[in-house]
Amino acid sequence: MMKALFIAGTDTEVGKTVVSKAILSAVGAQGKKTIGYKPVAAGSEKTAQGWRNSDALHLQAAANQEVDYDLVNPYALSLPASPHIAALADNVTVEYDKLSTVLAQHKENSDFVLVEGAGGWRVPVSKDDCLSSWVKQEKLPVVLVVGIKLGCLSHAMLTAEVIKADGLELVGWVANRVNPGVEHYAEIIEMLENNIDAPKVGEIPYVPGCKKRDLGKYINVELLSQA
């Protein structure tokens, strides 16, 4: 199985953290040592321990290796906005060398590192660059999370095409039913299966309070393990 995996989304609020937790649970159930990594997170709250992002906290809790928060989420930006705007507001520069150093440390201390992105594939982290540039630099295999809703077909197919155009391996995709009332669900899934050149490695139903639940049973670890 791959040492590290990047979780990309077709957009923000499509369930990257839900899927990330599910994959960490499924891989951990195989006896693997797991670490969750959220390099950049925009939208954090000030606590007695410092700035904390809820998605990063979920990843920290879902992994089975204890890691200090600052290593789970090196850049906890305060403003709930695009990372390049939030970084500017905090007078912070996202440095790829720092992200890579932490990733290398996680790889040494675990069997599997799950790296969760922010927003969509081309989310900017500065006025000049996007987080995808760092993913390309690290040559991370990618799983694409598709929030099943109106408009997801174009977003999913375009994102899958760009990931491959960037020279990265799209090892799979996960359907996440973010809207329980979405019409033509089965037809949407069929279209994605026929048009994304990668296997569907998971299909997560609409589950209220899903971030607090163990959804590992919805991930096909065998397909992931083949990557």
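The values are calculated or read from the model by the stated rules, or taken from the named source; none is laboratory data. Keep in mind the model is a prediction, meaning the values are calculated, not measured. Cβ: placed from backbone, ideal geometry, glycine included. Neighbour counts: every protein chain shown. Remember, those area values only see protein heavy atoms, side chains included, never the ligands or the DNA or RNA. Shrake-Rupley method; radii C 1.70, N 1.55, O 1.52, S 1.80 Å.
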Item to check | Hits in the stretch 178-191 - residues which are modelled with pLDDT of 95 or more, surrounded by fewer than 20 Cβ atoms within 10 Å (Cβ to Cβ) and of a type outside the set (Asp, Glu) | outcome: 184, 185, 186, 189, 191
Checklist entry - Is it true that residue 49 is farther than 29 Å from residue 192 by Cα and under 16 Å from the mean Cα position of the chain (by Cα)? => result no
Item to check | When residues of the stretch 124-146 are limited to those that are among the charged types (D, E, K, R) and closer than 16 Å to residue 3 by Cα, the one surrounded by the most Cβ atoms within 10 Å (Cβ to Cβ) | outcome: 138
Item to check | Qualifying positions in the stretch 126-168 - farther than 19 Å from residue 115 by Cβ and aromatic (Phe, Trp, Tyr) | outcome: none
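Which is under 19 Å from the mean Cα position of the chain (by Cα), part of a strand (DSSP E or B), on the phi < 0 side of the Ramachandran plot and crowded, with 19+ Cβ neighbours inside 10 Å, of 175, 156, 160?
Details: 156 fails: part of a strand (DSSP E or B); 160 fails: part of a strand (DSSP E or B).
From the options 175, 156, 160, the qualifying one is 175.
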Next on the checklist: What's the number of the only condition in (1) open to solvent by 20 Å² or more (accessible area, probe 1.4 Å); (2) of a type in the set (Gly, Ala, Ser); (3) in contact (Cβ under 8 Å) with a residue 12 or more places away in the chain that residue 165 fails to meet?
Outcome noted: (3)
Item to check | Any pair with Cβ under 9 angstrom, 6 or more apart, that starts in the stretch 202-224 at a residue that is modelled with pLDDT of 85 or more and part of a helix (DSSP H, G or I) and ends at one that is of a type in the set (Lys, Arg) and surrounded by fewer than 18 Cβ atoms within 10 Å (Cβ to Cβ) | outcome: 223/200
Item to check | Filtered residues of the stretch 23-41 (kept if in a loop (DSSP other than H, G, I, E, B) and either free of Cβ contacts under 8 Å to residues at least 12 places away in the same chain or touching a Pro at 6+ places or on another chain (Cβ under 8 Å) (or both)) | outcome: 31, 39
Checklist entry - Can we say residue 149 is more than 26 Å from residue 28 (Cβ to Cβ) and either open to solvent by 20 Å² or more (accessible area, probe 1.4 Å) or in contact (Cβ under 8 Å) with a residue 24 or more places away in the chain (or both)? => result yes
